Structure formats: structure tokens, C-alpha cells
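Peer 1: One structure is given below, represented as C-alpha cells, and several questions about it will come after.
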Amino acid sequence: SAVISQKPSRDICQRGTSLTIQCQVDSQVTMMFWYRQQPGQSLTLIATANQGSEATYESGFVIDKFPISRPNLTFSTLTVSNMSPEDSSIYLCSVEVADYEQYFGPGTRLTVT
Amino acid sequence: AQSVSQHNHHVILSEAASLELGCNYSYGGTVNLFWYVQYPGQHLQLLLKYFSGDPLVKGIKGFEAEFIKSKFSFNLRKPSVQWSDTAEYFCAVKNYGQNFVFGPGTRLSVLP
């Protein structure tokens with residue numbers, strides 16, 4: 001298993017600003033993922049972040065908007081850049097451990113005004 | 001690309017009623033199937049998973065799911081729900097070499 005923490009837990013930001021979300025895992029993991037969960041909807045994968053390589057972005061998500069860092073095997077950050085109200089969502093970090101099991105962080109609830 | 005559908009957006013049951021939540025995925029091959037649950041105010045957690053073998057898998061809290069390959073389905077069941085089962089339930093599929101794909105979720109409300 002894995003225990004994941006995220007900071008901040010929530011934030012209210014102004015349009016045009018950027019927010020960096022931190023994800024910390026209690027053990028070393030190779031694969032980390034960032035998801036977005038919009039209100040009342042399912043999870044959408046933003047990108048996969050593996051240590052030592054560039055993040056891989058899913059269709060519809062670009063590095064300029066969602067830059068990701070993965071400096072070591074227990075930590076990652078996701079930045080939401082130049083925010084607009086459409087970026088209001090819950091952002092989730094997850095890790096994949098044995099047998100494809102994913103463990104999720106508590107999420108960061110972002111509101112953009 | 002893989003897709004996952006869940007039959008019901010919102011299910012309302014009384015305590016002790018039986019539960020079945022539908023999940024279908026779009027194509028076959030070797031799939032790994034999961035049900036995740038998100039209780040109010042909590043983060044997603046794994047309920048159960050299927051990789052191979054017995055198509056009837058048992059998970060935590062009395063939940064089980066049946067994999068029916070011919071129907072591309074992986075329905076979640078519980079014989080008697082409790083108020084504490086009120087949550088959002090997500091079916092997810094992972095094909096070999098692909099990322100997870102989550103269904104839209106089913107909100108379950110259990111009335112005391």
C-alpha cells in the first residue's frame with residue numbers, strides 16, 4: 001500500500017494566476033499520475049510522471065498549461081498555469097504499486113474566480 | 001480507445017436492500033478490472049479487482065463483482081446495503097500497456 005498526502009487541500013485562486021500542487025508518498029514508487037475530477041464527473045488522467053523522464057500528457061493536456069516535476073521517487077508537483085474558471089476542479093495524485101493497484105491522495109480542490 | 005460505462009448515475013436504496021451496479025467496457029483482450037469507492041469527504045480507495053481466474057471476486061465490506069467476458073461486464077454487487085455504503089462508485093479498466101480508464105461513476109444513496 002501507499003499513503004499519499006497533497007498540499008494544499010483546497011485553494012481559491014484568481015484568474016490568470018498559477019497554483020502548484022504537491023504530492024508526497026510515504027514510499028518510493030516509480031509511477032505517479034495526476035488526475036482531474038470535475039464536479040460530478042469521473043476522473044480524467046492529465047499525465048503520467050515517472051522519475052527521471054519527462055511527464056507523458058494525455059490528449060487535451062499540454063505541458064505549458066500543466067507543468068509537472070518529479071524530482072525523486074516520493075514526490076511530484078503539478079502546476080496549473082494561467083488559470084481560468086474552467087480549471088476549477090479537484091486534482092488528484094495517485095501512485096501505482098504492485099498488481100496495477102492505484103492509491104490516491106485526498107485531492108486538491110481548486111476554485112478559480 | 002478503451003471506454004467504460006456505468007449504467008446508473010444515481011441509485012437510491014433503503015438499508016438491507018440488495019445492490020447491483022452495472023459496468024461495461026468497450027473491448028476485450030486482456031483486461032484488469034477494478035471497482036473504486038469514494039466515501040463523502042474521503043479519497044478514492046480500492047474495493048476489489050479482477051485479473052484472472054475465478055470470475056467472481058470478493059472485496060472489502062461485503063462487496064463482490066462478477067466478470068462476464070462475453071458481455072464485457074464487471075458488475076458490482078452487495079446482498080444487503082448499509083447506510084455507510086453511501087458513496088460514489090467508480091468502475092475502472094486497465095488494458096496491458098495502457099493507462100487506467102475510469103467510468104463516470106454511480107452515486108449510491110442508502111436511506112436509513
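Just so it is clear, none of the values below were taken in a lab; they were calculated from the coordinates. Please read all numbers here as calculations on a predicted model, not as lab measurements. Cβ sites come from the backbone with ideal geometry, for glycine too, and all protein chains shown count toward neighbours.
Peer 1: Once phi is turned into θ = phi - 60°, what whole-Hz ³J(HN,Hα) does the Karplus curve with 6.51, -1.76 and 1.60 give for every residue of the range B:78-83, x standing for Gly and Pro?
Peer 2: Listing the rounded values in order: 8, x, 8, 7, 10, 3 Hz.
Peer 1: Hey, another quick one. Which residue fluctuates the most in chain A, going by a Gaussian network model with Cα springs under 10 Å, if the choices are A:P39, A:P67, A:P85?
Peer 2: A:P39
Peer 1: Of B:G105, B:F72, B:V93, which is farthest towards the positive pole of the range B:59-112's charge dipole, taken about the Cα centre with +1 and -1 on the beta-carbons of Lys, Arg and Asp, Glu respectively?
Peer 2: Positive-most Cα among the choices belongs to B:F72.
Peer 1: Using a ≥ b ≥ c from the Cα gyration tensor of chain A (square roots of the eigenvalues), is it rounded, prolate or oblate, where a/c under 1.5 gives rounded and otherwise the larger of a/b and b/c decides, a/b for prolate?
Peer 2: Numbers: a/c = 1.73, a/b = 1.54, b/c = 1.12.
Prolate is the answer for chain A, as a/c is 1.5 or above and a/b outweighs b/c.
Peer 1: While we're here: Can you give the convex hull volume per residue for the Cα atoms of the protein assembly as shown, as a whole number of Å³?
Peer 2: Given the Cα convex hull of the protein assembly as shown, per-residue volume reads 121 Å³.
Peer 1: Taking amide hydrogens as modeled 1.01 Å from N in the peptide plane, which residues meet the under 5 Å criterion relative to B:L48, leaving out close sequence neighbours?
Peer 2: Here the answer is B:W35, since their amide H atoms fall under 5 Å of that of B:L48.
Peer 1: Same structure, new question: Run the reach check for B:K61 against lysines, Cα to Cα strictly under 16 Å, same-chain hits fewer than 8 apart removed. What comes back?
Peer 2: Here the lysines satisfying the reach criterion relative to B:K61 are B:K49, B:K78.
Peer 1: Using θ = phi - 60° and the Karplus form 6.51 cos²θ - 1.76 cosθ + 1.60, what ³J(HN,Hα) does each residue of the range A:93-109 get, whole Hz, x for Gly and Pro?
Peer 2: 9, 9, 10, 10, 10, 4, 6, 6, 5, 10, 10, 10, x, x, x, 10, 8
Peer 1: Per residue, how big is the convex hull of chain B when only Cα atoms are used? Give it in Å³.
Peer 2: Dividing the Cα hull volume of chain B by its residues yields 94 Å³.
Peer 1: Let me ask something else about it. Per-residue mean of other chain beta-carbon atoms within 10 angstrom of the beta-carbon, peptide A:45-52?
Peer 2: Other-chain Cβ atoms within 10 Å of each residue's Cβ, averaged: 1.
Peer 1: Short version: ³J(HN,Hα) in whole Hz for each residue of the range B:57-74, in order, from phi by Karplus 6.51 cos²θ - 1.76 cosθ + 1.60 (θ = phi - 60°), x for Gly and Pro, what are they?
Peer 2: With the stated coefficients, the range B:57-74 comes to 10, 10, x, 7, 6, x, 7, 9, 9, 10, 8, 10, 4, 5, 9, 6, 10, 8 Hz.
Peer 1: A further question on this structure: For the range B:53-103, run through the chymotrypsin sites (Phe, Trp or Tyr not before Pro) and keep only the ones in DSSP coil with at most 15 other Cβ atoms within 10 Å of their Cβ.
Peer 2: Loop-located and lightly packed - B:Y96.
Peer 1: On to the next question. For chain B, set up a GNM with springs between Cα atoms under 10 Å and report which of B:Q98, B:Q38, B:Q82 has the largest fluctuation.
Peer 2: With Cα springs under 10 Å in chain B, the top fluctuation among B:Q98, B:Q38, B:Q82 is at B:Q98.
Peer 1: Continuing with this model, one more query. Report, by chain and number, residues whose modeled amide H sits under 5 Å from the one on A:M31, excluding near sequence neighbours (fewer than 5 apart, same chain).
Peer 2: A:E96
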